[in-house]
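Engineer: Mind looking over this structure? Questions follow.
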Amino acid sequence: MSTETVLRPGWKVPIILGVFSLASLLLFLLSGRQGISVFRLSSSGEAVQLPALELPVMASGIVISVLLIGLAGFSAYRVTRAQRTPLYVIVIFGVLFMVGLLVWAFVDATLPVTGLLTGTVALSAPIIYGALGGVISERVGVVNIAIEGQLLAGAFTSAVVASVTRNPFLGLGAAMIAGMLVSFVLAAFSIKYLVDQVIVGVVLNVLVLGLTSFFFSQVLSEDKQLLNSPPRFDKLPIPFLSDIPVIGPVLFNQTVIIYIMYVAVALVYYGLFHTKWGLRVRAVGEHPTAADTVGIAVNRTRFWNVSLAGAVAGLGGAFFTLGSVGSFQKEMTAGLGFIALAAVIFGRWDPIRATLAALLFGFATNLQNVLGIIGSPIPSEFMLMLPYIVTIIAVAGLVGQVRGPAAAGKPYVKA
Amino acid sequence: MIALWIVLAVVLYAAHSFLLSRLYEKADLPVSSAWIPLYNLWTFFRLAGLSGWWAVVAVIPIVNIVAYVAAIVAAYVIGVRLDRNPYWTVLFGVCPLAWLIMAGLGRSEWRAEVPENGEARDLRIRLAVREVVSGNAMISVLAVVLAIVVGGALIAATDESVQQAAGYFFSRPLDTVQAIWDSVAGAYTALFQGSVYNFRRDSFADGIKPLTDTLMFATPLIVAGLGVGLTFRVGMFNIGGRGQMLIAAAAAGWVSFTFDLPMYIHLPLAVLAGVVGGAVWAGIVGVLKARTGAHEVIVTIMLNYVAFYLIQWMLRTPGLLQAPGSNNPKTPPMSDTAIFPAMFGAKYSLHWGFVLTIAATALVWWLLSRSSLGFQFRAVGENPSAARVAGINVKMMYVYAMLISGGLVGLAGVSQVLGTVKTGFSDGIDAGIGFDAITVALLGRSKPWGIFGAGILFGAFKAGGFSMQAAEGIPIDIVLVVQSMIVLFIAAPPLIRAIFRLPNPARTLALAQSLSAAQAATVAQTKQEVA
């Protein structure tokens, strides 16, 4: 049943792409919106000023639609040759489609492109960290529903520690430790006491939410100045790189947390697939008995890697307090941990794909801020829904039956 | 008045003693031993093979709680000797007099024992004690106790008067103890008074109001918990409670405030609309999983957001859900002909949705443990491949399970709009119940009546938490801590056993085996002697 779709790519992908390109074409032709959308590519303070892009709606709409149809055709061609549609084609398709939609929405209005993208990277940060934590943990065979709790614990601890010490870097370290502590509980209960990992994860989320909210109301609000006013990380432009138009301000004029994130994504990817550590992690997650046979201590490997995952997710929590908001608030992670979980599955337990998925969700969140500026022709709620609907379609149509690490969720008891 | 009490005490003592004497008669003990104060208790414990000193413990105030446990163990052992079902012990725990009627006047005879050696008797008693203290019920009770202790520690540690008193702990340590007692006892008293019975009220009718609040809060938690628990049994995970509740609330609410019908049509119609709304929203997930293999965790999370934005849009669009002539994203109030009527008058918040919840629990119990569909559900949950081989249409099971689950979660949304918040709702109507339901389902171990109990416990925490916050200024979030700890501890019996140094059931089993071996040896010995 499932093997067939894996071996021979079906027509599902080109059909879905085709439907979307036709939808785009119809949108531009039928709605009959005329005018010019302005895409502002650089903001006033930057060294290199790019002229704003002035896109005539109808013309660019048709160009984009034709490009989309071309991509769908390419995908169909690949299928006739019994080849899969590569990931980059789908990514380019998605980006183009979104550009088309934005052109259509921002008629006679100005879209701050760098602002939108900078915000996207920033808002994706906790999701990306959380997803990395999820990937490591699930690859080693422990289902990590507790990402939300790890993020929240990181946010809380980093706020308190950074406030008291007046040093954001200590806050960052504390966030890692807090995330790790949550992971210790997850690991202890699931590995030592063999409790269902989903149960522990869900319960840990509630526990951390309860603890942080309780201490927030009972202790933090008593002395806000001392306990809940952490110094924030300043933006740290990287010389030269940050002067590149568009890419510079988006990627290289960010806070330290974001730079650490780039390194983390690269490290996790390289580590998982190109080092001995990664091989061991994956072996333990796929087939613990085999790993045990060749002398890997399964439960110890699981314990320490789940802890590592917690530390990574905790860093993401620090972003809320030290990177964006500047103080701890009740329930401030607002379900992003679950979005990170979705990114892990959507990204098929692969750090790079999970990061891309997280960026999509970050974009969705940021779109809310940008759309607030203009009176959008369709209700803004529908634009906001779109990324989530796209995810559903992608998961249903493009990703299909995903298979996680074979031993994820199963405790290992040595025979 | 005092004379009346004395008479009552004497009558009760006489009744107990008489029944004890009948029991002792069966065991060939002197009848008089049942009438002598203290000595009759001593005999009772000795009869069960326990130390007679428990009788002394039993008359010391406060400490006698421990003796109460010992007495339950004794009742269990005596019950076994009388060849009674062990469940009679529960009756002893609730009302010893009733148990004594069974033991003293019942026809059961004291089992003429096989002359057993000392070892076997010793083993039998140890086994009985072990079975009681290492059972599931004991674990659950201790988990609750432990969670409440941890919660109390948190309350005490963050209490200002405790912190002040702790500042001079070494000069006047009792002040700290007093402050800790005040803060913890104050908090839990408020929790109890807000959730079960308020002693400060004059009449019973006023005092019992908190209990009805508890049941009101429990109503949506139970049905949503049933929905989530059902998917657990089929091996799926429905985190989409929020979206399903929102859609259901919108559907039920719209039917309620739009139409003008007689109640007997209007109310069922509104409830049905909500249930169908929730079922459809969750059904999407089931269909996608069945047809394309899309992971239900992602799809339910995504649909939460889609539903949220959809409702947000409908709430600010006139003609859909927004109240006419208003700019607020809020619906008009529900129509009087389509709300759950109050069960005990307007004074109490409990509504007929609770009865619907009981019916739903019974229905889900029947579905899961008595129906063919439920059998297939459980088979798929245990092992989908084996279920497929056995000819079960696994994909259809996913669809059915999500539909039913969504309908139940939808009922929680209905209960919110037609029962709890009847004055119109906004996009926060789900009140986090979709997520709480996951914890409820876990605590209830995905069994319908377990979920029912867990829902009532969580409803009590919710109702009590609010009054604790109001009366003692303790943030309601402490309730989340206690709730999650309960689930965590219950899920890990080995941890509870380690903390309370309880025996391991595996070792109890070994003990039982050695007991039967010892018995077999005795029987063989007796036969030899007879021969």
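Engineer: For residues that are under 19 Å from B:Val275 (Cα atoms) and either open to solvent by 60 Å² or more (accessible area, probe 1.4 Å) or touching a strand residue (DSSP E or B) at 6+ places or on another chain (Cβ under 6 Å) (or both), tally how many sit in segment B:392-413.
Structural biologist: Going through segment B:392-413 one residue at a time, the tally reaches 2.
Engineer: Between a residue in segment B:283-305 that is among the polar types (S, T, N, Q) and any residue that is assigned to a helix (DSSP H, G or I), which pairs come within a Cβ distance under 6 Å, given they are 6 or more apart or on different chains?
Structural biologist: B:Thr292/A:Ala396; B:Thr300/B:Val285; B:Asn304/B:Arg242; B:Asn304/B:Gly243
Engineer: Could you grab me the full set of residues in segment A:186-209 that are over 17 Å from B:Gly229 (Cα atoms), among the small types (Gly, Ala, Ser) and open to solvent by less than 10 Å² (accessible area, probe 1.4 Å)?
Structural biologist: Those that are over 17 Å from B:Gly229 (Cα atoms), among the small types (Gly, Ala, Ser) and open to solvent by less than 10 Å² (accessible area, probe 1.4 Å): A:Ala187, A:Ser190.
Engineer: Here are some residues: A:Ile257, A:Ile199. Which one is in a helix (DSSP H, G or I) and in contact with a Gly (Cβ under 7 Å, 6 or more places away or on another chain)?
Structural biologist: A:Ile257
Engineer: Let me ask you something else. I need a count of the residues in segment B:305-354 that are of a type in the set (D, E, K, R) and under 22 Å from A:Leu384 (Cα atoms).
Structural biologist: Residues in segment B:305-354 being of a type in the set (D, E, K, R) and under 22 Å from A:Leu384 (Cα atoms): 2 in total.
Engineer: Right, something else. Run down B:Gly286, B:Gly293, B:Gly319, B:Gly381 and say which single residue is under 18 Å from B:Lys447 (Cα atoms), out of contact with any Asp or Glu (no Cβ under 6 Å at 6 or more places or on another chain) and within 14 Å of another protein chain (Cβ to nearest Cβ).
Structural biologist: Only one candidate passes the filter, namely B:Gly381.
Engineer: Among the residues of segment A:179-198, is any of a type in the set (D, E, K, R) and within 27 Å of the chain's Cα centre (by Cα)?
Structural biologist: Yes, there is a match, as at least one residue in segment A:179-198 is of a type in the set (D, E, K, R) and within 27 Å of the chain's Cα centre (by Cα).
Engineer: If you go through segment B:422-441 one residue at a time, do you hit one that is open to solvent by 10 Å² or more (accessible area, probe 1.4 Å), part of a helix (DSSP H, G or I) and either closer than 30 Å to B:Asp182 by Cα or more than 9 Å from every other protein chain (Cβ to nearest Cβ) (or both)?
Structural biologist: No: zero hits.
Engineer: Moving on to the next point. Please state which one of B:Ser514, B:Ser467, B:Ser484, B:Ser446 is among the hydroxyl-bearing types (Ser, Thr, Tyr), in contact (Cβ under 8 Å) with a residue 24 or more places away in the chain and crowded, with 24+ Cβ neighbours inside 10 Å.
Structural biologist: Testing whether each residue is among the hydroxyl-bearing types (Ser, Thr, Tyr), in contact (Cβ under 8 Å) with a residue 24 or more places away in the chain and crowded, with 24+ Cβ neighbours inside 10 Å leaves just B:Ser484.
Engineer: Taking the criterion of being within 14 Å of another protein chain (Cβ to nearest Cβ), outside any helix (DSSP H, G or I) and open to solvent by less than 10 Å² (accessible area, probe 1.4 Å), would at least one residue in segment A:146-160 satisfy it?
Structural biologist: For segment A:146-160, residues within 14 Å of another protein chain (Cβ to nearest Cβ), outside any helix (DSSP H, G or I) and open to solvent by less than 10 Å² (accessible area, probe 1.4 Å): present.
Engineer: Let me spell it out: the conditions are (1) open to solvent by 10 Å² or more (accessible area, probe 1.4 Å); (2) touching a residue at least 12 places away in the same chain (Cβ under 8 Å); (3) part of a helix (DSSP H, G or I), and B:Gly243 meets all of them except one. Which number is the exception?
Structural biologist: (1)
Engineer: Given the structure, is A:Leu117 open to solvent by 10 Å² or more (accessible area, probe 1.4 Å), more than 21 Å from A:Leu181 (Cα to Cα) and in contact with a helix residue (DSSP H, G or I) (Cβ under 7 Å, 6 or more places away or on another chain)?
Structural biologist: For A:Leu117, the condition - open to solvent by 10 Å² or more (accessible area, probe 1.4 Å), more than 21 Å from A:Leu181 (Cα to Cα) and in contact with a helix residue (DSSP H, G or I) (Cβ under 7 Å, 6 or more places away or on another chain) - is met.
Engineer: Determine which single condition B:Val389 fails, assuming it passes every other condition in (1) within 26 Å of the chain's Cα centre (by Cα); (2) open to solvent by 20 Å² or more (accessible area, probe 1.4 Å).
Structural biologist: (1)
Engineer: Would segment A:263-270 turn up any residue that is more than 24 Å from A:Thr321 (Cα to Cα), open to solvent by 60 Å² or more (accessible area, probe 1.4 Å) and not hydrophobic (A, V, I, L, M, F, W, C)?
Structural biologist: Yes, because at least one residue in segment A:263-270 is more than 24 Å from A:Thr321 (Cα to Cα), open to solvent by 60 Å² or more (accessible area, probe 1.4 Å) and not hydrophobic (A, V, I, L, M, F, W, C).
Engineer: All but one of (1) under 19 Å from the mean Cα position of the chain (by Cα); (2) part of a loop (DSSP other than H, G, I, E, B) hold for B:Ser326, so report the exception by its number.
Structural biologist: (1)
Engineer: Further question: Suppose the filter is in a helix (DSSP H, G or I) and open to solvent by 40 Å² or more (accessible area, probe 1.4 Å); does B:Val355 pass it?
Structural biologist: Judged against the criteria, B:Val355 is a match.
Engineer: On to the next question. Are there any pairs, at least 6 apart or on different chains, whose C-beta atoms fall under 7 Å, with the first in segment A:264-291 and under 19 Å from A:Gln197 (Cα atoms) and the second among the aromatic types (Phe, Trp, Tyr) and in a loop (DSSP other than H, G, I, E, B), and if so, which?
Structural biologist: Note: pairs meeting the criteria are A:Pro288/A:Tyr412.
Engineer: Could you count how many residues in segment A:311-357 are more than 14 Å from chain B (Cβ to nearest Cβ), among the aliphatic types (A, V, I, L, M) and either open to solvent by 10 Å² or more (accessible area, probe 1.4 Å) or free of Cβ contacts under 8 Å to residues at least 40 places away in the same chain (or both)?
Structural biologist: Restricting attention to segment A:311-357, the residues satisfying the condition of being more than 14 Å from chain B (Cβ to nearest Cβ) are A:311-327, A:350-352, A:355-356.
Filter once more, so that each one left must be among the aliphatic types (A, V, I, L, M): A:311-313, A:315, A:318, A:322, A:325, A:352, A:356.
Subsequent filtering for residues that are either open to solvent by 10 Å² or more (accessible area, probe 1.4 Å) or free of Cβ contacts under 8 Å to residues at least 40 places away in the same chain (or both) retains A:312, A:315, A:325, A:352, A:356.
Result for segment A:311-357: 5.
Engineer: Restricting attention to segment A:38-49, report how many residues are open to solvent by less than 70 Å² (accessible area, probe 1.4 Å) and modelled with pLDDT of 75 or more.
Structural biologist: Summing the residues that are open to solvent by less than 70 Å² (accessible area, probe 1.4 Å) and modelled with pLDDT of 75 or more in segment A:38-49 gives 3.
Engineer: Of the numbered conditions (1) part of a loop (DSSP other than H, G, I, E, B); (2) open to solvent by 40 Å² or more (accessible area, probe 1.4 Å), B:Met314 fails exactly one; give the number of that condition.
Structural biologist: B:Met314 satisfies all of (1) part of a loop (DSSP other than H, G, I, E, B); (2) open to solvent by 40 Å² or more (accessible area, probe 1.4 Å) except (1).
Engineer: If you don't mind, there's one more thing I want to ask. Inspect segment B:446-456 for any residue being assigned by the TED database to the domain that holds B:Trp281, out of contact with any strand residue (DSSP E or B) (no Cβ under 6 Å at 6 or more places or on another chain), under 23 Å from B:Phe344 (Cβ atoms) and not aromatic (Phe, Trp, Tyr) and give the result as yes or no.
Structural biologist: Checking segment B:446-456: not a single residue is assigned by the TED database to the domain that holds B:Trp281, out of contact with any strand residue (DSSP E or B) (no Cβ under 6 Å at 6 or more places or on another chain), under 23 Å from B:Phe344 (Cβ atoms) and not aromatic (Phe, Trp, Tyr).
Engineer: Output the residues belonging to segment A:60-107 that are touching a Pro at 6+ places or on another chain (Cβ under 9 Å), within 21 Å of A:Gly347 (Cβ to Cβ) and not in a helix (DSSP H, G or I).
Structural biologist: A:Arg84, A:Thr85
Engineer: Mind telling me which of the residues A:Gly201, A:Gly134 ends up being within 11 Å of chain B (Cβ to nearest Cβ) and more than 29 Å from B:Gly473 (Cβ to Cβ)?
Structural biologist: A:Gly201
Engineer: Can you tell me which residue in segment A:219-231 is farthest from the other protein chains (Cβ to nearest Cβ), limited to those that are in a helix (DSSP H, G or I) and either open to solvent by 30 Å² or more (accessible area, probe 1.4 Å) or on the phi > 0 side of the Ramachandran plot (or both)?
Structural biologist: The residue in question is A:Gln225.
Engineer: Scan segment A:18-37 for residues that are open to solvent by less than 30 Å² (accessible area, probe 1.4 Å) and either over 30 Å from A:Thr85 (Cβ atoms) or out of contact with any Leu (no Cβ under 6 Å at 6 or more places or on another chain) (or both) and jot them down.
Structural biologist: Of everything in segment A:18-37, those that are open to solvent by less than 30 Å² (accessible area, probe 1.4 Å) and either over 30 Å from A:Thr85 (Cβ atoms) or out of contact with any Leu (no Cβ under 6 Å at 6 or more places or on another chain) (or both) turn out to be A:Gly18, A:Phe28, A:Gly35.
Engineer: Could you please let me know if B:Thr337 is part of a loop (DSSP other than H, G, I, E, B) and over 33 Å from the mean Cα position of the chain (by Cα)?
Structural biologist: So B:Thr337 does not fit the description; no.
Engineer: Find the residue count for segment B:460-478, including only residues that are under 16 Å from B:Ile438 (Cα atoms) and facing another protein chain (nearest Cβ under 8 Å).
Structural biologist: So the count comes out to 0.
Engineer: Can you go through B:Gly235, B:Gly194 and tell me which one is outside the structural domain of B:Gly432 (by the TED database) and either in contact (Cβ under 8 Å) with a residue 40 or more places away in the chain or within 24 Å of B:Met396 (Cβ to Cβ) (or both)?
Structural biologist: B:Gly194
The values are calculated or read from the model by the stated rules, or taken from the named source; none is laboratory data. Note that this is a predicted model, so its numbers are computed, not measured. Glycine also receives a Cβ, built like all others from the backbone with ideal geometry; neighbour counts cover every protein chain displayed. Just so you know, the surface numbers come from the protein's heavy atoms only, side chains and all, with ligands and any DNA or RNA stripped out. Shrake-Rupley method; radii C 1.70, N 1.55, O 1.52, S 1.80 Å.
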